[in-house]
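The block underneath contains the structure these notes are about, expressed in structure tokens.
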Ligand code: AP5
């Protein structure tokens, strides 16, 4: 039986996957793998993958599985993933979930936990439209729920930016895509012993994290 801490964070856009993953990295001692962050890095670097992915991301649609799967396969083979990793934003379709099982099986690994954050739509819209991220270190803020000490500036001194897909119109499209393509992943994992749900809509970041820590231990 594998002892690696391979953890999937699942839930709608803006439910807090990235916020929780960044906190877990220190305590669990394994890296965060955010497919959204990886795609944004590709876009900033002006690669072919980044250009292709942008067409989908800007509209709130999913990037095709073919482009995602190779990227994840390469990433989880890196040496820092030897003791486990936190998947944030992947898998996002049942096909991706099945492909992940196959990838892990091929490496003699198994999932440790799937943590699903259940957050209602109106709260998602509030969270995403108020989100700001640091251009330099990636730290995530919220203008009301987790504000920076000085407006527009991260604790590290970096500039805080709003993601182009965090406007209300695109957020609503992302929620539609989530219901159609990603919600079935909940059923894919539900019922298997490693699946845990957190009702996170009315809980603050630290309250959610206390639960996450228990589950991931
Ligand atoms: P991605 O970057 O993965 O976006 P997402 O899943 O839509 O998730 P977010 O990053 O928006 O939210 P989050 O859950 O991390 O929330 P956060 O912690 O920031 O993907 C972007 C795009 O890339 C996709 O649309 C798609 O096109 C493409 N893509 C990525 N992966 C893909 C894949 N596998 N397949 C195909 N396409 C893919 O929190 C949000 C806000 O809420 C923050 O301001 C935070 O401070 C606040 N907050 C967090 N927790 C709480 C709380 N408990 N109470 C109050 N506020 C809170």
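Bear in mind that the values in this text are calculations on the coordinates, not laboratory data. On a predicted model such as this, the values are computed, not experimentally measured, just so you know. Please note: Cβ atoms are built from the backbone with ideal geometry, for glycine as well, and neighbour counts cover all protein chains shown.
So here's what we get for this one:
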item: Alpha carbon centroid spacing (whole Å) that separates the range 106-120 from the range 6-69; result: 15 Å
item: Backbone N under 12 Å from the residue 183 label point (7 Å along Cα→Cβ), restricted to the range 1-33; result: 12
item: Net length gained if the chain between residue 94 and residue 73 were fully extended (0.36 nm per residue, minus Cα distance); result: 5.9 nm
item: The chain - percent relative contact order, Cα under 8 Å, separation 6 or more; result: 31 percent
item: FRET efficiency for residue 149 and residue 123, using Cβ-Cβ distance with R0 set to 30 Å, rounded to 0.05; result: 0.75
item: Gain in span if fully extended, residue 176 to residue 48, counting 0.36 nm per residue against the direct Cα distance; result: 43.4 nm
item: Segment residue 110-residue 137, length gained on full extension (0.36 nm per residue, minus Cα span); result: 6.6 nm
item: Simple spin-label estimate for residue 161 and residue 82 in nanometres, 7 Å along Cα-Cβ; result: 3.4 nm
item: Helical contribution to [θ] at 222 nm, DSSP H n ≥ 4, -39,500 (n - 2.57), averaged over the chain, rounded to 500; result: -13500 deg cm²/dmol
item: FRET efficiency, residue 56 to residue 3 (Cβ-Cβ, R0 25 Å, nearest 0.05); result: 0.10
